[in-house]
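Following: one structure in structure tokens, then a few remarks.
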Amino acid sequence: MLLKNKIPFRYMFGSIRKEAIMIALYVTFIAAIHFTFRLNVSIPISVPMILGTVISLLLAFRANQAYDRWWEARIIWGAIVNDSRSWARQVVSFIDNPYNDKEIAAFENILINRQVAWSFALGRALRQRKNERDLGKWMSKQDIEFISRYSNSAMGILELQARDLKYALDNGWINTFQHIQMDNTLNKFSDHMGKCERIKNTVFPSTYGLYLHLSMNLFIMLLPFALIAIFGWLMIPLVTLIASCFWLIEKMSIHLQDPFENKPTDTPITTIAETIERDLHQVINQHSLSHSAERVVEAKQFYVL
Amino acid sequence: MLLKNKIPFRYMFGSIRKEAIMIALYVTFIAAIHFTFRLNVSIPISVPMILGTVISLLLAFRANQAYDRWWEARIIWGAIVNDSRSWARQVVSFIDNPYNDKEIAAFENILINRQVAWSFALGRALRQRKNERDLGKWMSKQDIEFISRYSNSAMGILELQARDLKYALDNGWINTFQHIQMDNTLNKFSDHMGKCERIKNTVFPSTYGLYLHLSMNLFIMLLPFALIAIFGWLMIPLVTLIASCFWLIEKMSIHLQDPFENKPTDTPITTIAETIERDLHQVINQHSLSHSAERVVEAKQFYVL
Amino acid sequence: MLLKNKIPFRYMFGSIRKEAIMIALYVTFIAAIHFTFRLNVSIPISVPMILGTVISLLLAFRANQAYDRWWEARIIWGAIVNDSRSWARQVVSFIDNPYNDKEIAAFENILINRQVAWSFALGRALRQRKNERDLGKWMSKQDIEFISRYSNSAMGILELQARDLKYALDNGWINTFQHIQMDNTLNKFSDHMGKCERIKNTVFPSTYGLYLHLSMNLFIMLLPFALIAIFGWLMIPLVTLIASCFWLIEKMSIHLQDPFENKPTDTPITTIAETIERDLHQVINQHSLSHSAERVVEAKQFYVL
Amino acid sequence: MLLKNKIPFRYMFGSIRKEAIMIALYVTFIAAIHFTFRLNVSIPISVPMILGTVISLLLAFRANQAYDRWWEARIIWGAIVNDSRSWARQVVSFIDNPYNDKEIAAFENILINRQVAWSFALGRALRQRKNERDLGKWMSKQDIEFISRYSNSAMGILELQARDLKYALDNGWINTFQHIQMDNTLNKFSDHMGKCERIKNTVFPSTYGLYLHLSMNLFIMLLPFALIAIFGWLMIPLVTLIASCFWLIEKMSIHLQDPFENKPTDTPITTIAETIERDLHQVINQHSLSHSAERVVEAKQFYVL
Amino acid sequence: MLLKNKIPFRYMFGSIRKEAIMIALYVTFIAAIHFTFRLNVSIPISVPMILGTVISLLLAFRANQAYDRWWEARIIWGAIVNDSRSWARQVVSFIDNPYNDKEIAAFENILINRQVAWSFALGRALRQRKNERDLGKWMSKQDIEFISRYSNSAMGILELQARDLKYALDNGWINTFQHIQMDNTLNKFSDHMGKCERIKNTVFPSTYGLYLHLSMNLFIMLLPFALIAIFGWLMIPLVTLIASCFWLIEKMSIHLQDPFENKPTDTPITTIAETIERDLHQVINQHSLSHSAERVVEAKQFYVL
């Protein structure tokens, strides 16, 4: 999750600890050769810089693309929030219930609760956790049994919603235009789900990452030779620091490019799903409160204003 | 707000005053060591430049991404203006009022005024100010009581609009196609709201910012060693100036990337909401003026042209 | 306007004349000190280059963003052309006029002419010229009086269109689906108008521009010190030229980022509006020519092919 | 056209032949001065590199923007293919012809053939060739006469399609929803046409290109002075080669940025239009083949599967 | 295909083996001249770096554009998954089958199976394999015969779907609004198909690639002269390594920019088509299971919740 809290320092540097130790040993070894055996291994600093520019550029572009994937994941979940609210609004304002029929009222709640379930189901599927069990909070046993036959449970829930919309249409609770309008909203959920799966399942081009990793290490390997004549033993912390800078930004890209992997920099799926739950439940509560009664009063108000 | 007025100079440099003083002291200290103790700490200028290219690139990319967030925020509020005008036009031209019924006229005004209220409510929520109180200018007491039960008052207002649309549909003031068309406009408002919340709540990847900040400071720390042999004491103002350049642009990115934080570079939410108010009130005034009377005259004009 | 004609040379360089003279004097002054007082002020060329990379990057990114604003403005006006044509096609092919009624024919012309007026009104509003007067070419006096009550006259015209669509719907000239389809086109015009206003009213982040300007000037100030030892007096024209290069590209960005300011690089609003006028009048002419008569003949042709 | 064939080498280098000869003479002249008159004109290589970075960046950004324009043009023509196919499918599957009426069948063919004509008409207009003559292959004489009254013949064709849709609606061959759906497809064609015109008519900002050209030439002018001391006479081919590299990429940008100019790198408009012709004719053939007969058999098949 | 598996190392380096051997020989040759004949061919390292910056930039931009093409291909196939699911949902929930008619049930299966066939047909067409034979798994012989008359078999399948939709409309199994909604889904498939073809058939601008290749080779050719004085014989592996770095990233761009060419880095078309098959078959199974029976029970549940 990536909320307003700070990322723990230890988490950040923990990820490159092994590399940092390795490079420190490597640099110490070179310094030892240089000073103990008095073997001049120094090279001009412009040699590693041949690779420096292209590596910097590719690193920056890669960070950019990783950021784009992460931001796209965030945009999708933002859209899930918006469309969930629209869905709830459509359920409440499209479905006709003039005589305050209990069956229809229950039906409306089912449609809204199932959308909450869908958000949690999708979130857990993306984090590869089994999830049918927990969905009991928002769905009936029958529904859970139904979706357990799907390998993709979020898709099963959309299937259920579509069937119930059809049922409402057949009963005359919604008209055919409203049916199509709400089917459009279901299509949007289907799109969001597919987009999340695309980001989840498509690995960042390995050749890209691998090439960059190799060139960067070649660059870092050349660094101590370039700095030894200038800094002497001081070179050991300096090269370790500079190398850490490069590795850290590479690691950051790797983390950002997979935004659904249970890491601290992830898209805050659970928090977002809880927002959806809160917002949709307020719609349900408000709806059962104000049903039919309030409306009459308001109508009279129109004159007053 | 970011309008055509100039940003005050003091505001700009005030934000990095502390850092500027720190670096000046640090550089003075190094110069003192160099000249007082005659300790040669000079290094070639190409050493800090190893980091220079990658830092410049990341700084530029980051400025770009921050600008994109800021521009996206502006686009969303631009779309809110457009859709608010479209909403007003739809209210006026869709709702049937052939006998100039007072109830319907009042109803139209309510729908339009509530949209003004929504813009202000959203703007204040984004700036984290309580706002139910002030909305009395555009909404009835009853409505304000209604939305006070929502944790998200802008969402509550959309809820009210949806209910009233349903009421109009049930009374035959609009037909089912117009209902769906106007529901689409409400969906757009829901989307705009969600997008604003996404930008507001999603922090820019902390690892990105933190890494860049650390590398940049390492780069700045190395600068005085590189410049001391060339400039001597003159180095003190020069390094301070160069470091300020880098910090200023980092600060600028940090400000731009959070466009809803009550700072001078913010999206001008209030100004935009006032434009909406002005435009929508002109529609209401014009509407009440020209109601039914004017139309007859115009119809006759068609022959003349 | 930015058409196929060349930008006059004088215009281009005229914009940085003052800066060019200033820098020439400054460089001459430094050269004078260097050679007259034999004071060695020379520094290595790598010193200004610390700022060189980051300035180049930001300058390029800024040029890119300015280009994007300019191109977006052009895209919006391109879309206005497309939608104006679609509007005319919808007016001609949606509105039912089986008995070739003169009132309906006049009504169609009014709807199309008003769209032409809208393009000109929007164009002039963006260039901040008063425009109600000139619109008499395409609109009746009554309409002009109507829109003069709006602070935004383009919005007033859309209002008029919406009212007349309603009038056509009430008279049975179009059906309810066609009404909604044409209302969608009006929404698009509303969007285009709002997008133009957004670009017009949103200043490019001042901190961005200001910072870049300051760093660039610091960079240019350091240049003569770096070049004096190499070029001697020849440095004066060289530094002036290099500085002019940087300033020119900065000026270009400033011009491109505000595409509605009456400058030679502007979006060619008037030319585009004239294209709309030409295209829409051809539709009107063709329509009045071929009305009802031609159709019968064509129907018979179907067999022949 | 830009198809899988290789670009001829001669074409590529032919475009910068003149510049290459000029620079070779210029470099020879400088070498002559240097060696004949023993006048040392050598400067350090870091002097031209002050401009090197910013020129490289702007060149790369410009190549990027030119590529974007070219790719946008390609996307538009890809969308024209898709929408043409959708149009044909709508014509065949929307229009009701239960009794296999010959007039309706001919009418369907006209609508599809006219779309083929539209693709060719648009393609030729973009390449500024007169085109009414050749359209006789797909349109009747009457239609060609009709569109000859338009300055924009592709727009005239869309006008014809809209009129015939109206005719079909009036005759009850399509219903009002199908009318609006097909009108949407016409709107898309109108959009594609307008987008092509936008790219065709909007010149790439001249100031951008001009500035870059001037700075690049200043950079190239400085190169021989920087290389003469290192390479001697060998510098002549080397500078010519490096300068050619820079000019070639500039030329490439200039070609890519205008994708409708009859050059080998153009969007393959004619090839695409021929694909549309082939695909749409297959729809017509299939349609006349299978009309009404095949359907009965298939219906029975449903049980078997 | 580009799934979570690692790319084999041999594959990666196999692609530049020939170039690596060539450059090794070339560098050895230059070293031989230098040391055997004692001919000083050394040049300063800043000479190749004139080209270094612009090559790095263009290489990075090109990698970026290649990545964009590859990602766009992935987005299109992601959208195909989403829309296939939506299609299945629409088939199941739109088509009316109150008396559980066997013909209608079979009809629904045909529509869904054909969409599976379409995915495989499109995938194979993009990889230029003949494919009518294998489609027998999801389509009747009659259908296969039908599409064999099309040069584009995926387009033929969409044609079949459109005809069957029309058949369902004529029989009253779907209403006119549902017909248009499902026709929209077919339009989307048409768009996806066309977009894939666009990426497949549009070669990356050859001039771009060729220019970059030539400049890069010029840069690499200059490298050994710059490094020989520093590294001596050690230069041979070093230059080979650095050159390999540049060639590898160029190769990577070339592979990414053509995402439908049967290479290990391709878009995983077959895997995606199999996902579609799995998901759509679950819909069919579930549908035949729960048909009409389950619904009654669920309806009663509404009270309980």
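What to note about this one:
- Prolate/oblate/rounded label for region E:140-190 (Cα gyration tensor, a/c 1.5): oblate
- Couplings for region A:98-103, taken from phi via the Karplus curve 6.51 cos²θ - 1.76 cosθ + 1.60 with θ = phi - 60°, read x, 9, 6, 5, 5, 4 Hz in order; Gly and Pro are left as x.
- Between 0 and 90°, nearest 10: helix A:46-94 axis offset from chain A longest Cα axis: 10 degrees
- Between the amide H of E:Met139 and any residue lying 5 or more places away or on another chain, no distance stays under 5 Å, with hydrogens modeled in the peptide plane.
- Take A:Gly172, push a point 7 Å out from Cα through the beta-carbon direction, and compare it with the same point in every other copy: 1.8, 1.8, 2.9, 2.9 nm, smallest first.
- In degrees, nearest ten, helix D:235-257 long axis to first principal axis of chain D (Cα): 20 degrees
- Derived scalar couplings ³J(HN,Hα) [region D:157-172; Karplus, 6.51 cos²θ - 1.76 cosθ + 1.60; whole Hz; x for Gly, Pro]: 5, 4, 4, 4, 4, 4, 5, 5, 4, 4, 4, 5, 5, 5, 7, x
- With a 10 Å cut-off around each Cβ of E:274-282, the average count of Cβ atoms from other chains is 2.
- Ratio of Rg to Rh for chain D: 1.21 [Cα atoms; Kirkwood radius as inverse mean 1/r over pairs].
- Among the trypsin sites (Lys or Arg not before Pro) found in region E:187-244, not one is both in a DSSP coil and sparsely packed, with 10 or fewer other Cβ atoms within 10 Å of its Cβ.
- Mean per-residue shielding of peptide C:238-248 is 4, counting Cβ atoms of other chains within 10 Å of each Cβ.
- Local charge for E:Phe94 was computed over the other residues whose Cβ lies under 11 Å away, with Lys and Arg +1 and Asp and Glu -1, and equals -1.
- Rolling a 1.4 Å probe over the heavy atoms of the protein chains gives region C:9-290 an accessible area of 33 Å² per residue.
- Between 0 and 90 degrees, the angle of helix D:206-231 with respect to the longest Cα principal axis of chain D falls at about 40 degrees.
- When each of the peptides B:16-25, A:211-220, A:112-121 is scored by how many other beta carbons lie within 10 Å of its residues on average, the order from highest to lowest is A:112-121, A:211-220, B:16-25.
- Partner shielding of D:39-52 amounts to 5, given as the average count of beta-carbon atoms from other chains within 10 Å of each residue beta-carbon.
- Ranked by how many other beta carbons lie within 10 Å on average, peptides E:29-39, A:140-150 from highest: A:140-150, E:29-39
- Mean residue ellipticity (222 nm) of chain C, computed from DSSP H runs ≥ 4 via -39,500 (n - 2.57), nearest 500: -26500 deg cm²/dmol
- Peptides D:176-187, A:99-110, D:151-162, E:270-281, ordered by how many other C-beta atoms sit within 10 Å of their residues on average, highest first, read D:151-162, D:176-187, E:270-281, A:99-110.
- Cα convex hull volume per residue for the protein assembly as shown (Å³): 186 Å³
- Tensor-based shape of region A:69-125 (alpha-carbon gyration tensor, a/c under 1.5 rounded, otherwise prolate or oblate): oblate
- Here the Karplus curve 6.51 cos²θ - 1.76 cosθ + 1.60, taken at θ = phi - 60°, turns the phi angles of region E:180-196 into couplings of 5, 4, 6, 4, 4, 5, 4, 4, 4, 4, 4, 5, 4, 4, x, 5, 4 Hz, with x standing for Gly and Pro.
The values are calculated or read from the model by the stated rules, or taken from the named source; none is laboratory data. From a predicted model like this one, the values you see are computed outputs, not experimental measurements. Ideal geometry is used to build each Cβ from the backbone, glycine not excepted, and the neighbour counts take in all protein chains shown. These area figures cover heavy atoms from the full protein model, side chains too; ligands, DNA and RNA do not enter into them. Shrake-Rupley method; radii C 1.70, N 1.55, O 1.52, S 1.80 Å.
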